[in-house]
Ligand code: MZP
């Protein structure tokens, strides 16, 4: 006979935190959001930790290389989607790993015979006023000099005159050679009071540029997540079909973390793929598994599949219709607390700590905070990142507002790929929908609001680390009435209730 769990399956919006004693040193500046992503023990540090507890979903409409670069620069990690050809995914990983913060390829180049008018037009097009001059106007051509808007007077000089007459010639330019470290390049900029340092190869061809402004940008991103070679960290999704080809290609491209991307990870398919990966690559790579929604699934992945972190959640994603279509899933709060309880039990039995990731269905910052309080070490989000300028989809104007397309990996649009392309499932039904989400700003902007709120709540809970936060957390279930009470009541909101004159 079927086993029936009588306890209701619950979600994050049904809970609130009760504040704990806040001491004077509990201030946001003292809070650390560092969190493990690889298994660890009291004797052994995790092989990899995130500097903020946020990762982006392995989805076509969320995680490309631009997302991966931007998120790693803020301390998180993107999982580049696997529903694409292996070479294409490996190229995206490689783009992140070769992104050298500080050394940028020049995108505004001139030939010496270009006119000042050409230079002005180029500046308008790219928005960049520093323009290297190369023999053929290409970004890696022979370097002849550099033109900036300080070199000419737009309303005084003859704009039909060639750039050659106005540029600072190579012999008067301070430049660096390929191989110079970023630290040394910045020292040269500082010593010579320059804004930009061209980097030349041994044939005097332009390689890249280093800008003073990027140094400040770097200083403004103290949480940047870097590997041992100071390259940005990136993750990638993998599947249980072509892993024997995909995993080596991704590792070759330099990927740091892999995660099996499946709506149901409690399977021998995932065990076989994870064990194969571990046997072949050992601890060189962090491997995540999932998704599961209970302690049994957790135990299986940890004990049988030797994975590093477990991802929790079935059917809660904003674009997901798995629960409606197949009748499997669990309220995300119930799923998370069940898995966290099993993780803690496993830790007390073995001394091995397995990070848990809450994946999907986080509709706002409050729910992110509740998930972390309930013991998630980090959260994976799709919609949240799909709404940023860095997601790999085009902007679309609908009714005067700007949106971006966002679709599930189980939707028709995405599913011509291995995960959904097996004979049994056929193409008879979808598990995800095709949607639009409003554009809310850059990854940096949205994360800055979320992390500020999270740190503030952690202080309310008398905690300076995420571990203290979940150890200290006391949560209460709320009634529908108290949920209503939590919003505004008996007032007219200036934003929502009072019509504005146009
Ligand atoms: P959300 O952050 O948009 O609410 O949810 C993102 C998560 O939904 C993903 O990380 C993945 O686990 C899940 N997902 C992606 N595609 C589908 C689908 O098509 C899906 N059903 O459920």
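Side notes on the structure shown:
- Matching residues in the range 361-392 - criterion: being part of a loop (DSSP other than H, G, I, E, B) and either more than 7 Å from the ligand (Cβ to nearest atom) or within 21 Å of residue 89 (Cβ to Cβ) (or both): 363, 364, 374, 375, 376, 377, 382, 387, 389, 390, 391, 392
- The range 50-92 - residue that is under 12 Å from residue 234 (Cα atoms) and assigned to a strand (DSSP E or B) and, of those, farthest from the ligand (Cβ to nearest atom): 50
- In the range 319-335, residue farthest from the ligand (Cβ to nearest atom) [restricted to those that are in a helix (DSSP H, G or I) and closer than 21 Å to residue 355 by Cα]: 334
- For the range 282-299, a residue qualifies if it is surrounded by fewer than 21 Cβ atoms within 10 Å (Cβ to Cβ) and within 18 Å of residue 40 (Cα to Cα), and the qualifying residues are 282, 283, 284, 285, 299.
- Selection count, the range 281-318, where residues are part of a loop (DSSP other than H, G, I, E, B), over 18 Å from residue 378 (Cβ atoms) and more than 10 Å from the ligand (Cβ to nearest atom): 3
- Considering (1) touching a residue at least 12 places away in the same chain (Cβ under 8 Å); (2) on the phi > 0 side of the Ramachandran plot, the lone condition that residue 193 does not fulfil carries the number (1).
- Scanning the range 249-267 for residues that are in contact with a strand residue (DSSP E or B) (Cβ under 6 Å, 6 or more places away or on another chain) and without any contact (Cβ under 8 Å) to a residue 60 or more places away in the chain yields 258, 260, 265, 266.
- Listing of strands (runs of 3 or more DSSP E) fully contained in the range 161-262 that carry 2 or more residues being surrounded by 21 or more Cβ atoms within 10 Å (Cβ to Cβ) and more than 22 Å from the chain's Cα centre (by Cα): 196-200, 206-211
- Taken over the range 336-360, the criterion of being part of a strand (DSSP E or B) and within 17 Å of residue 10 (Cα to Cα) is satisfied by 358, 359.
- Annotation note: of 228, 246, the sole residue that is in contact (Cβ under 8 Å) with a residue 24 or more places away in the chain and within 25 Å of residue 94 (Cα to Cα) is 246.
- Complete set of residues in the range 14-51 that are surrounded by fewer than 13 Cβ atoms within 10 Å (Cβ to Cβ), more than 30 Å from residue 301 (Cβ to Cβ) and in contact (Cβ under 8 Å) with a residue 24 or more places away in the chain: 18, 19, 21, 23, 25, 30
- Scanning the range 142-153 for residues that are surrounded by 12 or more Cβ atoms within 10 Å (Cβ to Cβ) and within 16 Å of residue 129 (Cα to Cα) gives 145, 146, 147, 148, 149, 151, 152.
- Helices (runs of 4 or more DSSP H) fully within the range 421-494 counting 2 or more residues that are within 16 Å of the ligand (Cβ to nearest atom) and either in contact (Cβ under 8 Å) with a residue 40 or more places away in the chain or under 28 Å from residue 14 (Cβ atoms) (or both): 443-460
- Tabulated pairs, the range 322-338, first touching a residue at least 24 places away in the same chain (Cβ under 8 Å), second part of a helix (DSSP H, G or I) and surrounded by fewer than 18 Cβ atoms within 10 Å (Cβ to Cβ), C-beta under 8 angstrom, 6+ apart or interchain: 329/323; 338/295
- Pairing residues of the range 395-412 that are farther than 17 Å from residue 323 by Cα and free of Cβ contacts under 8 Å to residues at least 60 places away in the same chain with residues that are assigned to a strand (DSSP E or B) and more than 16 Å from the ligand (Cβ to nearest atom), at Cβ distances under 7 Å and at least 6 apart in sequence or on separate chains, gives 395/402; 403/396.
- The selection criterion, being surrounded by fewer than 15 Cβ atoms within 10 Å (Cβ to Cβ) and not in a loop (DSSP other than H, G, I, E, B), does not hold for residue 271.
Every read-out reported here was derived from the displayed coordinates using simple, explicitly stated rules and does not represent laboratory data. What you see is a predicted model; the values in this text were computed from it and never measured. For neighbour counting, all protein chains shown are included, and Cβ atoms are generated from backbone atoms with ideal geometry for every residue, glycine included.
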